[in-house]
Amino acid sequence: MSDKIYGLMAEFNTPGDVLRAAKKVRAAGYHRWDVFSPFPIHGIDKVMGLKNSLVGWVSLAMGGGAFVSGFVLLWFSNAFDYPLIVGGKPMFSVPMTFVPSYILMVMGGAIGALVGMLALNQFPRLHHPLLNKARFELVSRDKFVIVIGSTDPGFSLTETRKLLESAGGQNVDIVEDKD
Amino acid sequence: MSDSLNQLKALAAPAELRRAPVVENNQGLGWLTDKLSAFAEGKTPLWWWILFIPAAFAATVIFPTCLFYQVFTGVGVWGNNHPVMWGLDIVNFIWWVGVAHAGTLISALLFLTRQHWRTTIGRMAEAMTVFSVMMAGLYPAIHVGRAWFDWFMFPVPNSNGLWPQFRSPLMWDVFAVNTYLTVSTLFFFMGMIPDFAVLRDRSTTRVRKGIFTFLAMGWTGSARQWHHYEKAYLVLCGLCTLLVFTVSSIVGLDFCTAQIAGWHATIFPLYFVIGAVFCGFGMVLVILIPLRKWCGLEQIITMSHIDKVAKLALVSGLIIDYIYLMEFFIAWYSGDQYERWVFGHRLFGHTYMVLGWMLIGINVGVTQLLWFKKVRSNLLWLFIIGVLINIGMWCERFVIVVGSLYQEFLPSNWGKYMPTMWDIGLYIGTLGAFFMLYLLFVKFLPMIAISEVKGVMPEADPHHRLGGAQKEDGHE
């Protein structure tokens with residue numbers, strides 16, 4: 001037991017069980033905890049008090065940025081740096097910029113969504129203390145796990161364990177941090 | 001307890017109105033996980049090798065031979081010549097883009113409309129999109145003749161001080177196809193991250209564990225991760241849906257901004273989008289029907305899902321038929337002799353009338369078979385119809401591209417187009433490359449979105465009895 005403790009994990013069998021347990025953990029005043037599930041559980045955001053994800057804003061910013069840069073690129077390349085007369089039309093007009101800028105907006109927005117998701121989740125990471133636990137591998141299968149982190153001010157091995165067990169958690173276990 | 005159960009039963013809709021279950025014979029989340037990852041983990045079956053070897057031969061021998069011979073020698077090795085400067089290369093380009101579209105429609109648009117059945121076939125449709133856009137993107141890049149000047153199409157500062165001419169839809173195409181490839185690949189990859197984690201956790205060998213740990217990028221399935229992931233997924237779906245309607249419209253604009261009779265019509269952008277989707281549903285049927293049997297996925301990709309794909313094919317086919325009708329009507333109604341000539345010759349000209357009638361016979365005729373439930377529940381029929389739809393849509397593109405070019409305004413300018421062995425070889429090569437990539441995907445990656453399918457099961461709903469809902473939650 002020379003390793004640092006990462007937290008305590010408890011298993012649940014159904015999304016309904018884990019949702020009820022999560023309500024109790026939240027009510028007990030914990031902050032550094034999370035629920036692990038094989039798929040997104042409907043309503044868990046509300047129970048955990050998660051605010052609207054910032055991914056949408058990252059995507060909007062990158063998509064909008066791409067749109068504006070497409071607009072500027074077209075003006076710069078076809079009207080300013082090398083003015084090009086095509087079919088006797090004006091050197092620059094807004095409608096001509098729309099399609100390429102729109103396409104660039106889609107590209108920027110998509111990259112923004114992926115990059116935003118990866119950044120907000122602090123991906124990529126190749127290691128996580130939880131991945132050392134054999135029982136935790138069942139989370140990607142059919143189990144639901146609540147982990148309360150040891151960095152939480154309210155964390156105590158005995159009290160937290162009691163709470164998780166009273167909330168219906170099975171196989172309550174210590175997660176070591178081996179780094 | 002039994003009283004309230006009986007009350008609930010009385011309230012439930014009659015059997016014929018109830019939705020078919022997404023997964024038949026569902027035995028819980030663990031069973032589903034085993035079932036869905038079985039093929040990627042099991043021993044490679046014989047049929048896989050029987051399909052893979054010819055596909056890999058086409059992809060690694062025929063494909064590069066035809067490609068390099070054309071690039072080193074010139075476009076002259078193809079049948080393209082004045083006046084038919086767009087031949088099989090552009091026909092195949094449109095065809096491949098078309099195949100891609102149904103994949104995006106299934107995975108993105110059906111997600112936005114909350115069609116739960118899409119979870120089972122979405123991943124396979126996305127893979128189809130990614131690989132066919134790769135094949136599509138190749139054609140214009142070598143069709144330009146000097147592939148080493150392809151970078152002229154990108155706005156790169158260069159010593160000539162020249163920029164691309166952005167008023168041309170051909171230029172928009174470069175952007176659209178590249179964006180389509182990038183976005184659909186990102187979407188494909190992001191959707192697989194939770195499933196990589198499933199395979200990581202199930203892996204038994206060190207190498208497998210290492211590869212999937214790397215690909216899963218640290219996914220643990222925490223609520224915070226799902227929270228960001230779902231948002232990103234939703235945004236990507238919205239953007240992909242935009243692309244379904246944009247990419248083929250821009251390909252359509254390539255044609256309708258030209259003055260050629262038969263191309264110069266405002267209906268073209270819509271025409272190409274619907275044609276693309278129709279063709280893609282044909283390809284979905286061709287891919288799904290054998291794979292569900294050979295991979296043992298009959299309970300996952302149920303007959304009800306196949307039936308829905310067939311219905312979507314029918315709907316898009318009917319829209320296509322309406323557009324054919326309008327095309328011929330407008331050609332006649334315009335009173336323009338060139339338009340009338342071109343459309344008359346699509347069906348009654350001596351050179352390509354066979355293709356014209358195949359187009360009508362398949363896209364207008366054979367499609368109507370999908371009205372019948374008997375046909376929609378017969379897998380062999382559906383498979384054959386799927387192949388025929390692909391052939392029919394290929395003929396349509398040929399008729400549009402070559403049919404309008406070979407007899408232009410001046411009779412002294414008329415000519416004929418016959419593809420050479422290099423045209424055909426390249427097409428066979430791209431088909432081989434597509435199926436090779438697809439087979440590799442099926443064998444090594446999660447071919448069904450494991451976490452998404454689990455997420456729409458009743459066991460996954462915390463407000464359902466199977467999901468652990470209790471009376472005190474206010475639910476039964």
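The values are calculated or read from the model by the stated rules, or taken from the named source; none is laboratory data. Predicted, not measured: the structure shown is a model, and the values here were computed from it. Virtual Cβ from ideal backbone geometry, glycine too; neighbours counted across all protein chains shown.
Rundown of residues vs (1) aliphatic (A, V, I, L, M); (2) surrounded by fewer than 20 Cβ atoms within 10 Å (Cβ to Cβ); (3) modelled with pLDDT of 90 or more; (4) under 25 Å from B:ASP34 (Cβ atoms), yes/no style:
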site: A:HIS127; (1), (2), (3), (4): no, yes, no, no
site: A:ALA134; (1), (2), (3), (4): yes, yes, no, yes
site: A:VAL139; (1), (2), (3), (4): yes, no, yes, yes
site: A:PHE144; (1), (2), (3), (4): no, no, yes, yes
site: A:ILE148; (1), (2), (3), (4): yes, no, yes, no
site: A:LEU163; (1), (2), (3), (4): yes, no, yes, no
site: A:VAL172; (1), (2), (3), (4): yes, yes, yes, no
site: A:LYS178; (1), (2), (3), (4): no, yes, no, no
Quick one: is B:LEU162 at the interface with another protein chain (Cβ under 7 Å from one of its Cβ atoms) and either over 17 Å from the mean Cα position of the chain (by Cα) or in contact (Cβ under 8 Å) with a residue 40 or more places away in the chain (or both)?
yes
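Of all residues being among the polar types (S, T, N, Q) and surrounded by fewer than 22 Cβ atoms within 10 Å (Cβ to Cβ) in the stretch B:24-36, which is farthest from the other protein chains (Cβ to nearest Cβ)? Just the residue, please. First the steps, then the outcome.
Of all residues in the stretch B:24-36, those among the polar types (S, T, N, Q) come to B:25-27, B:33.
Keeping just the survivors that are surrounded by fewer than 22 Cβ atoms within 10 Å (Cβ to Cβ) gives B:25-27.
Numbers: B:ASN25: 17, B:ASN26: 12, B:GLN27: 11 Å.
Filtering the stretch B:24-36 for residues that are among the polar types (S, T, N, Q) and surrounded by fewer than 22 Cβ atoms within 10 Å (Cβ to Cβ), the one farthest from the other protein chains (Cβ to nearest Cβ) comes out as B:ASN25.
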Note on A:PHE76: of the conditions (1) surrounded by fewer than 20 Cβ atoms within 10 Å (Cβ to Cβ); (2) touching a helix residue (DSSP H, G or I) at 6+ places or on another chain (Cβ under 7 Å); (3) facing another protein chain (nearest Cβ under 9 Å), unmet is (2)
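Are there any helices (runs of 4 or more DSSP H) wholly within the stretch A:1-98 with 2 or more residues that are more than 30 Å from B:ALA460 (Cα to Cα), and if so which? Even if it seems obvious, please write down each step before you answer.
Numbers: elements: A:15-27, A:44-48, A:55-75.
Helices (runs of 4 or more DSSP H) meeting the threshold: A:55-75.
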How about the stretch A:118-131: which of its residues are in contact with a strand residue (DSSP E or B) (Cβ under 7 Å, 6 or more places away or on another chain) and more than 7 Å from every other protein chain (Cβ to nearest Cβ)?
A:PRO129
So which residues in the stretch A:8-47 are surrounded by fewer than 23 Cβ atoms within 10 Å (Cβ to Cβ) and more than 12 Å from every other protein chain (Cβ to nearest Cβ)?
A:GLU11, A:LYS24, A:ALA27, A:ALA28, A:GLY29, A:TYR30, A:HIS31
Among (1) closer than 30 Å to B:ILE211 by Cβ; (2) touching a helix residue (DSSP H, G or I) at 6+ places or on another chain (Cβ under 8 Å); (3) more than 9 Å from chain B (Cβ to nearest Cβ), which single condition is A:GLY149 missing?
(2)
What number of residues in the stretch B:170-224 are in contact with a helix residue (DSSP H, G or I) (Cβ under 8 Å, 6 or more places away or on another chain), more than 7 Å from chain A (Cβ to nearest Cβ), part of a helix (DSSP H, G or I) and not aromatic (Phe, Trp, Tyr)?
21
Just need a number here: residues in the stretch B:174-200 that are free of Cβ contacts under 8 Å to residues at least 60 places away in the same chain, more than 30 Å from B:PHE149 (Cα to Cα) and touching a Phe, Trp or Tyr at 6+ places or on another chain (Cβ under 8 Å).
4
State which residue pairs qualify: first residue farther than 14 Å from B:LEU405 by Cβ and surrounded by 13 or more Cβ atoms within 10 Å (Cβ to Cβ) and inside the stretch B:330-344, second residue at pLDDT 90 or above and of a type in the set (Val, Ile, Thr) in any location, beta carbons under 8 Å apart, and separation of 6 or more residues or different chains.
B:ILE330/B:ILE267; B:ALA331/B:VAL342; B:GLU339/B:ILE330
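Identify, from the list A:ALA113, A:ALA119, A:ALA167, the residue that is of a type in the set (A, V, I, L, M) and more than 30 Å from B:MET190 (Cα to Cα).
Values: A:ALA113 fails: more than 30 Å from B:MET190 (Cα to Cα); A:ALA119 fails: more than 30 Å from B:MET190 (Cα to Cα).
The conditions single out A:ALA167.
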Selected residue [crowded, with 22+ Cβ neighbours inside 10 Å and either over 18 Å from the mean Cα position of the chain (by Cα) or in contact (Cβ under 8 Å) with a residue 40 or more places away in the chain (or both)] from B:VAL399, B:VAL364, B:VAL387, B:VAL375:
B:VAL399
